Amino acid sequence: MRRTRVLVALGAVVALAVLGGATPAGATSTSFRPPADSLRALAAPYGLRIGTAIIPFDLDTPAYAQIAGDQFSTVTPGNEMKWQIVEPTQGTYDWSGGDRLVAFAQQHDQLVRGHTLLWHNQLPNWLTNGVANGTINNDQLKALLHKHVTDEVTHFKGKIWQWDVANEFFANSWDPHPLADGINGDDFWVQHLGEGIIADAFRWAHQADPNALLFYNDFNIGGEDGTNAKADAVYHWAQQMRAQGVPIDGIGNQGHLDTQYGYPNQLQQDLKRYAGLGLKVAITEADVRTFVNNATDQQPTDNLALFAQPYEFSKMLVACLAVRSCISFTAWGFGDADSWIPGFFTGEGYATIYDVHLNPKPVYTDLHDALALAKGAPQRPGTRD
Ligand code: XIL
């Protein structure tokens with residue numbers, strides 16, 4: 001009897017150790033068990049979460065919901081937590097899409113990335129029109145943003161693992177007015193409220209949910225554009241934020257690649273450099289696009305792209321695996337039919353893991369094999385350590 005009790009107690013200690021300590025924000029234990037050869041199960045031994053963006057109302061399609069639950073251990077709403085969607089009319093919130101995704105995640109033992117609180121795109125018309133016609137002045141704009149961040153983070157409090165607090169503030173080589181520190185001087189928020197608004201948003205989000213991990217998220221910050229200038233700028237800004245005690249926990253590299261530009265060999269080093277500041281890192285919106293015959297079938301027009309697309313995608317995953325602080329690798333949707341690419345990049349597509357009929361593509365096998373073969377990859381710390 002006594003012996004059994006000791007064994008049970010020991011078992012509990014071992015189980016706790018395996019789970020890596022504290023339960024992360026948003027985690028619920030369910031009886032859901034993913035297939036043993038799924039992407040999420042193969043990544044679990046390294047403590048790495050594999051994710052996807054989700055269109056919550058597509059979860060009504062059984063084949064879609066099945067893949068979403070089986071293959072991924074973290075999910076991000078593609079649009080449904082953006083300001084335009086959550087407050088279409090001033091003062092009237094619509095959390096339905098976000099709530100639906102959170103419920104799905106809880107049923108499937110997944111963590112949620114919240115995306116995104118402060119961005120120049122997908123703002124509600126009432127806000128941008130009000131600013132343009134002068135009925136919303138800068139003080140009011142700041143108060144509205146404070147309320148937006150506080151209300152949204154509070155609504156989802158305890159249910160979000162990582163928040164993309166601020167998105168796409170740094171200038172690209174093609175932007176005309178970068179500030180001395182690399183922030184885009186033409187950004188809507190920077191123009192009206194100054195660049196200190198980014199740190200304010202992190203402080204407000206932290207006040208509303210002190211347990212959520214707070215990320216800065218951007219594209220081409222791993223050398224993807226052939227120079228490392230944007231990465232350098234984000235690195236120095238993050239270093240300053242840390243020095244000033246701003247509550248920032250991580251840097252998200254979106255990871256939108258295009259086969260015509262080749263693989264960014266700088267990426268792994270850049271991820272490691274952010275991690276050197278004591279930050280977590282994540283690949284938050286991975287996809288690899290290429291030119292296709294048409295937006296419906298999305299067949300690559302160049303045979304070499306059939307090799308380049310899976311190669312670049314899995315190499316990006318390997319870069320994340322190699323960096324211990326890289327805690328999640330999220331694909332921006334998992335089916336070509338749902339991808340944002342054909343609508344935003346003329347003539348391109350074939351960017352995701354499954355084809356337009358939700359059949360796994362060669363990239364699925366390459367990601368699967370990269371995870372299965374990564375035996376020496378470092379074990380990530382617990383989801384919140
Ligand atoms: C995209 C969505 O996928 C589209 O459905 C929407 O029309 C536009 O936004 N970087 C980001 C994401 O941070 O929020 C964007 O998502 C893709 C680029």
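Laboratory data are not the source of any read-out in this text; all were calculated from the coordinates shown. Please read these numbers as outputs of a predicted model, since none were measured by experiment. Neighbour counts run over all protein chains shown; Cβ positions are idealised from the backbone, glycine included.
Some notes on this structure:
- The stretch 293-366 - percent relative contact order, Cα under 8 Å, separation 6 or more: 36
- The local environment of Val318, defined by Cβ-Cβ distances under 12 Å, has a net charge of -2 under the rule Lys, Arg +1 and Asp, Glu -1.
- Of the residues Pro210, Phe188, Pro178, the one whose Cα sits farthest towards the positive end of the charge dipole of the stretch 176-279 is Pro210 (charges of +1 on Lys and Arg Cβ, -1 on Asp and Glu Cβ, taken about the Cα centre).
- The order of the peptides 257-264, 62-69, 280-287 by mean Cβ neighbours within 10 Å, most packed first, is 280-287, 257-264, 62-69.
- Taking the chain as the region of interest, the number of lysine pairs whose Cα atoms are within less than 20 Å, with members eight or more places apart or on different chains, is 15.
- Pair Gln379, Arg242: separation of 7 Å Cα→Cβ label points (nm): 2.5
- As a length-normalised measure over Cα pairs under 8 Å and 6 or more apart, the relative contact order of the stretch 249-385 settles at 27 percent.
- Distance in nm between pseudo-label sites at Glu195 and His177 (7 Å out along the Cβ direction from Cα): 1.4
- Our helix-only sum for the chain, with -39,500 (n - 2.57) per DSSP H run of n ≥ 4 divided by its residues, gives a mean residue ellipticity at 222 nm of -12000 deg cm²/dmol.
- Placing a label point 7 Å from the Cα of Thr92 along the Cα-to-Cβ direction, the residues of the stretch 138-158 whose backbone N falls under 19 Å from that point are 148, 152.
- Note that the stretch 31-40 has calculated 3J(HN,Hα) couplings of 8, 5, 10, x, x, 5, 9, 6, 4, 5 Hz, one per residue in order, obtained from phi through the Karplus relation 6.51 cos²θ - 1.76 cosθ + 1.60 (θ = phi - 60°); glycine and proline are x.
- Relative contact order (percent, whole number), the chain, Cα cutoff 8 Å, 6+ residue spacing: 17
- Scattering from the stretch 43-153 was approximated by placing one identical point on each alpha carbon and applying the Debye formula without solvent; log10 I(q)/I(0) at 0.10 1/Å stands at -0.36.
- For the stretch 50-58, 3J(HN,Hα) per residue [Karplus equation, 6.51 cos²θ - 1.76 cosθ + 1.60, θ = phi - 60°, Hz, x = Gly/Pro]: 9, x, 8, 6, 10, 9, x, 6, 6
- Net +/- balance of residues flanking Ser339 in space, Cβ distance below 10 Å, scoring K and R +1, D and E -1: -3
- Magnitude of the charge dipole for the chain, about its Cα centre and with charges confined to Cβ atoms of Lys, Arg (+1) and Asp, Glu (-1), is about 2040 debye.
- Taking a sphere under 12 Å around the Cβ of Ala308 and counting the other residues whose Cβ falls inside, with K and R at +1 and D and E at -1, yields a net charge of -2.
- Between the stretch 119-153 and the stretch 231-256, the alpha-carbon center distance in angstrom: 24
- Equivalent ellipsoid of the chain: semi-axes from √(5λ) of the C-alpha gyration tensor, largest first, are 31, 27, 22 Å.
- A cut-off of 5 Å between modelled amide H atoms, ignoring neighbours fewer than 5 places along the same chain, links Phe170 with Asn184.
- Membrane-span-like helices of the chain, defined as complete DSSP H segments with a Cα extent of 20 Å or more along the helix axis and a mean Kyte hydropathy of at least 0.5, are identified as 2-19, 305-322.
- Equivalent ellipsoid semi-axes, the stretch 167-247, via Cα gyration tensor eigenvalues times 5, rooted, Å: 23, 15, 11
- Using the Cβ-Cβ distance between Thr150 and Asn125 with R0 set to 25 Å, the FRET efficiency works out to roughly 0.70.
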